[in-house]
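Colleague: The structure's right below; bear with me while I get my questions together.
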Amino acid sequence: MKAIRLLRLGTAREDIVESLQEPLEQIFRVPIVLAQSHPDIEEFYDPPRGQYNSTSILLHLKSIEAHLRTAGWRNRGRTKTLAVLDSDLFIPILTYVFGEAELNGDVAVVSYYRLMNELYGLPGNDAVFMQRVRKEALHELGHLYGLFHCEHQECAMHASTYVEDIDLKGDSFCNRCLDVVRRS
Amino acid sequence: MNKQDTGILVVDDELIVRESLTKWFREDGYRVDSAESAAAALKKLNGNTWNIMLVDIKMPGMDGLELLQRIREINKDITVIIITAFASVDSAVKALKAGAYDYVTKPIDPDYLDHLIEKALKEQALVTENRRLKNTVSEMATQTDIIGESDEIKNVMELIKTVAPTDTTVMIRGESGTGKELVARAIHALSPRKYFPIVTMNCGAMTETLLESELFGHERGAFTGAHYLRKGKVEMADGGTLFLDEIGNIDRKTQMDLLRVIETRQFTRVGGSDVLHSDFRVICATNKDLEKAVKDGTFREDLFYRLNVFSICVPALRTRPGDIMKLAHYFLDKYSKAMNKCAKTFTPEAMHALKGYNWPGNVRELENAVERAVVLTQGQSIEKDHLPLQAVAPGQPEGDRLEDIEKVHITHILSETGWNISRSAAILDIDRVTLYHKIEKFGLKRKK
């Protein structure tokens, strides 16, 4: 049976990661397993930018997964992993990213650092924040299932580069994207 | 355009940049590839269609600027976006001058990048659509309605092709109904002004004051009833062609105003004081003998010479009888389709009648005759009886003697003029007494 591992990385809040379990289970219809790991992500910190290199983190997590597979602890393609962080992420050519995933791969990362109202000088709003985290987690997992960005505004796979864009889109897949996920 | 059909090529010597951008665009569903150098990028131009190329300005060997120039030489349709570091904004500006669409500085704001790509693709789609529409317009424009294979009409076509690309003023001469406006439109359609309007002004249909207002427009309140500012034909033809039909019919005052605007391309609206400018080409047409009008003093000599720079004479239909059936079939097809009729051909008798008539109203008369016949016919062929009375041929000579032909011709002319002896004699270029003799000799009688 396929499963999705939700991996709490670094100092990510446990309650946030846990809150993802149920909604993701309803959409993907696979067991969502909570896991915690303490790989040292500080080595991926870029001091001049004050951000963490998400591509490097992704590669690091991939190498761990590969090692576990080699050791017989994992079956390839059976488990997909979404790492959740509270750190600001970047890929070298872009100023920031909300998350990164391997298209049709096994590992994705998502950060809720830029999903908090407080970062933009606005009063905090837990409900809005949690909804953003769910949408972005769903989005990155969607890439792991081979989904491209979707043109439907309501679909969670709609591309969003600003937090306002995330608020505009829905917290589930459109029928076409959902169909791809269910068939995979 | 479908995203999978949109190709993006990332050119950067840094692997991490290539990988990051490739991945970013792939998630968007684009067809993406990357090249580690300018040389590799040029190789990937062969046999591939790229809509957008993101090119790093600083690369070992051939740099981004040189690559941009090479891309421009190979394919002007590719949108090139330069990637640069803050330190080399000057180079980016150089790149923009060299034809780059835009530049982005490392690291790129993802939102900016997405919008930039979307904007570039939208503009590219508009350019493509614009080009397609221009091609369609060109195709439609070059498919002129000038039909015929006679030497006379071929000569007209040659003259049109010769004069069209220039900005020369053209005077089109010919009898009424020969298709002078079609010639004007063909010249416009083949000229560089084809994407701007051709504005037609029928000078013969206007009174002096109305003509002035139509030509130059009027300001609000210029005269009773001028509730709004109105642009004149001269102003509307800006960038395009002003076609002045029946130029021989304009009065002396308007002739003077017209001369001034043609010479200076400047004019003032009626009731206005601002001097306005309009860039237009003049094509005029007349069925009058303007040289005679100049001699008589009814047409200004200076305007005549200003207009009569390049003259095209459209031949009368009777001088090119070989084109009659070609035109007739063209109009038959046109009106059969328009009226949803199945008429496709003419009976031999109808063809004979069409060929035998001398068409004083020229192509316009032929068109009207065929249109009427298509209305009347229910079958696949146009019968002789479907053709209007005027279009019925005068009949065939009884023999091959000159007298036989003379009899038929005189009968036809008398019929045409309603047995007006003076007019018939004038047309036949004989005196009235001779005509009476001929009538008596051939035993011709007026039909009641």
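Colleague: Given the C-alpha centroids of the range B:1-45 and the range B:70-116, what is the distance between them in whole angstrom?
Modeller: Each part's Cα centre sits 14 Å from the other's.
Colleague: Students often forget the sequence filter, so: which lysines lie under 29 Å Cα-Cα from B:K337 once same-chain residues fewer than 8 apart are removed?
Modeller: In chain and number order, the partners are B:K134, B:K154, B:K180, B:K194, B:K326, B:K355, B:K384.
Colleague: Here's another thing I want to ask about it. Please give, to one decimal in nm, the separation of the simple spin-label points placed at B:T345 and A:E164, each 7 Å out from Cα toward the Cβ.
Modeller: Here the modelled spin labels are 7.1 nm apart.
Colleague: Quick one: of the DSSP bridges fully inside the range A:77-184, what percent are antiparallel, nearest 5? Please list the in-between numbers first.
Modeller: Numbers: 4 of 10 bridges.
DSSP beta bridges in the range A:77-184 are roughly 40 percent antiparallel.
Colleague: What is the list of residues in the range A:129-152 whose amide nitrogen lies under 19 Å from a point 7 angstrom out from the Cα of A:S184, following Cα to Cβ?
Modeller: Under 19 Å, as judged by backbone N against the label point of A:S184, lie A:134-152 of the range A:129-152.
Colleague: Same structure, new question: Take the alpha-carbon centre of the range A:113-184, take the same for the range B:173-225, and report the distance between them in whole Å.
Modeller: The distance from the Cα centre of the range A:113-184 to that of the range B:173-225 comes to 60 Å.
Colleague: Starting from the Cα of B:E66, step 7 Å along the direction of its Cβ; do the same at B:T209; then give the gap between the two resulting points in nm.
Modeller: 7.4
Colleague: Would you kindly state how much longer the chain becomes between B:D279 and B:N202 on full extension, computed as 0.36 nm times their sequence separation minus their alpha carbon distance, in nm to one decimal? Spell out each step's value before the answer.
Modeller: Values: separation 77, 0.36 × 77 = 27.72 nm, distance 1.98 nm.
Length difference between fully extended and current span is 25.7 nm.
Colleague: Another one. Show me the helices of chain B, taken as full DSSP H stretches, that run 24 Å or more along their long axis by Cα and average -1.0 or above in Kyte-Doolittle hydropathy.
Modeller: Numbers: long enough: B:110-142 (47 Å, -0.67).
Helices meeting the criterion: B:110-142.
Colleague: According to the Kirkwood expression over distinct Cα-Cα pairs, how big is the hydrodynamic radius of chain B, in Å?
Modeller: On the way: mean 1/r = 0.0358 Å⁻¹.
Radius from the Kirkwood sum: 28.0 Å.
Colleague: A:V33 to B:A85: FRET efficiency via 1/(1 + (r/R0)^6), r the Cβ-Cβ distance, R0 56 Å, to the nearest 0.05? Before the final figure, lay out the partial values.
Modeller: Details: r = 43 Å, r/R0 = 0.78.
So, using R0 = 56 Å, E works out to roughly 0.80.
Colleague: So what's the back-of-envelope 222 nm ellipticity for chain B, counting only DSSP H runs of four-plus at -39500 (n - 2.57) apiece and dividing by all residues, rounded to 500? Mind dumping the intermediate values first?
Modeller: Details: 18 runs with 211 residues, N = 448.
About -14500 deg cm²/dmol.
Colleague: Still on this model: So for the range B:1-71, what percent of the C-alpha to C-alpha distances run longer than 18 Å?
Modeller: On the way: 812 of 2485 pairs.
Of all Cα-Cα pairs in the range B:1-71, 33 percent lie more than 18 Å apart.
Colleague: Could you check the simple spin-label distance between B:L402 and B:I421, using points 7 Å along Cα→Cβ, in nm with one decimal?
Modeller: Here the answer is 2.5 nm between the modelled labels.
Colleague: For A:D46 and A:H152, FRET efficiency with R0 = 51 Å and r from the beta-carbon atoms, rounded to 0.05? It would help to have the intermediate numbers written out before the result.
Modeller: On the way: r = 35 Å, r/R0 = 0.68.
In this case the efficiency is close to 0.90.
Colleague: Considering only DSSP beta bridges with both partners in the range A:1-60, what is the antiparallel share in %, to the nearest 5? Working shown, then result.
Modeller: Working: 2 of 8 bridges.
Taking every DSSP beta bridge with both residues in the range A:1-60, the antiparallel ones total about 25 percent.
Colleague: When all C-alpha to C-alpha distances in the range A:44-171 are sorted into bins of 10 Å, what percent of pairs does each bin hold, rounded to whole numbers?
Modeller: Per 10 Å bin, starting at zero, the Cα-Cα P(r) for the range A:44-171 comes out as 13, 41, 33, 11, 1 percent.
Colleague: With N denoting the number of residues in the range B:26-158, provide Rg(C-alpha) divided by 2.2 N^0.38 Å, to two decimal places. Don't skip to the end; give the middle numbers.
Modeller: Numbers: Rg = 20.9 Å, N = 133, 2.2 N^0.38 = 14.1 Å.
Output field value: 1.48.
Colleague: While we're here: Measuring from a point 7 Å past the Cα of B:K58 along Cα-to-C-beta, which residues in the range A:79-95 have an amide N at less than 16 Å?
Modeller: Counting only backbone N, you get A:93.
Colleague: Compute the Rg to Rh ratio over the protein assembly as shown from the alpha carbon atoms, using the Kirkwood formula for Rh, and round to two decimal places.
Modeller: Numbers: Rg = 39.7 Å, Rh = 32.3 Å.
My calculation puts Rg/Rh at 1.23.
Colleague: Among A:Q131, A:Q26, A:Q153, determine the one that fluctuates most according to a GNM of chain A built with springs between C-alpha atoms less than 10 Å apart.
Modeller: Comparing A:Q131, A:Q26, A:Q153 in the GNM, the peak value goes to A:Q26.
Colleague: So if R0 is 60 Å, what FRET efficiency would B:F310 and A:Y120 give, r being the distance between their Cβ atoms, rounded to the nearest 0.05? Can you show the working numbers first?
Modeller: Values: r = 69 Å, r/R0 = 1.16.
With R0 = 60 Å, the Cβ-Cβ based efficiency is 0.30.
Colleague: To continue, here is another question. If a cysteine in chain A has no other Cys Cβ under 4.7 Å from its own Cβ, put it on the list, ordered by number.
Modeller: Isolated Cys, chain A: A:C177.
Readers should treat all values here as calculations from the given coordinates under stated rules, not as data from a laboratory. Just so you know, these numbers come straight off a predicted model, no measurement behind them. Quick reminder, even Gly has a Cβ in these numbers, built from the backbone with ideal geometry, and neighbours come from all protein chains shown.
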